[in-house]
Amino acid sequence: MTIALNPGTGQLAQASSGLLSMVVFFMSVQLLVKHRHHELADSIWLERFEQARGLPEVHASATERCQVAGLPSRGLVKLRSHRVWIAGLTVFGLVGLGAVVDAVLGS
């Protein structure tokens, strides 16, 4: 971002660093979403496995485990981490896009 937002940097360097920022944004969000998808699939599989074999349900969501432990979710803890990270990474991607547009338009 230092290169992309520095007014003394050449247009090619600004555009390149902005594009790299956008690529890292895309890669990071894809990784988070894919990890979340697989986590949910594993959770469902484990719940069905426990039920099919008559096992006690050991698996529970983080929210349920906190409730059982008497830990209320307040403030920042209440926010879903994957959504916070995606929002933050989106800001980086948009700033990178802005740097590319600025470099191309030659402002």
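The values are calculated or read from the model by the stated rules, or taken from the named source; none is laboratory data. Computed from a predicted structure; not experimentally measured. Here Cβ is always computed from backbone atoms with ideal geometry, including for glycine, and neighbour counts include all displayed protein chains. Calculation scope for accessible area: heavy atoms of the full protein, side chains included, ligands and nucleic acids excluded. Shrake-Rupley method; radii C 1.70, N 1.55, O 1.52, S 1.80 Å.
A few remarks follow.
- Lone unmet requirement of (1) of a type in the set (A, V, I, L, M, F, W, C); (2) in contact (Cβ under 8 Å) with a residue 40 or more places away in the chain; (3) over 23 Å from Leu89 (Cβ atoms) for Cys66: (2)
- Long-range neighbours under 6 Å by Cβ, at least six apart or interchain, first residue closer than 26 Å to Trp85 by Cβ within the range 3-28, second among the hydroxyl-bearing types (Ser, Thr, Tyr): Ile3/Thr9; Ile3/Ser17; Ala4/Ser17
- Candidates Ser17, Ser73, Ser43 - the one that is closer than 30 Å to Asn6 by Cα, of a type outside the set (Asp, Glu) and either in a helix (DSSP H, G or I) or more than 15 Å from the chain's Cα centre (by Cα) (or both): Ser17
- The set of residues in the range 78-107 that are open to solvent by less than 100 Å² (accessible area, probe 1.4 Å) and assigned to a loop (DSSP other than H, G, I, E, B) comprises Leu79, Gly106.
- Whether a residue is within 30 Å of Gly8 (Cα to Cα) and exposed (fewer than 10 other Cβ atoms within 10 Å of the Cβ) was assessed, and Gly54 does not pass this test.
- When Ala60, Ala4 are screened for being outside any loop (DSSP other than H, G, I, E, B) and among the small types (Gly, Ala, Ser), only Ala4 passes.
- Of the numbered criteria (1) in contact with a helix residue (DSSP H, G or I) (Cβ under 9 Å, 6 or more places away or on another chain); (2) over 24 Å from Leu5 (Cβ atoms); (3) at pLDDT 90 or above, the one Pro56 fails is (3).
- Pair list, Cβ under 8 Å, 6 or more apart: the range 34-45 residue open to solvent by less than 90 Å² (accessible area, probe 1.4 Å), other residue among the small types (Gly, Ala, Ser): Ser43/Ser61
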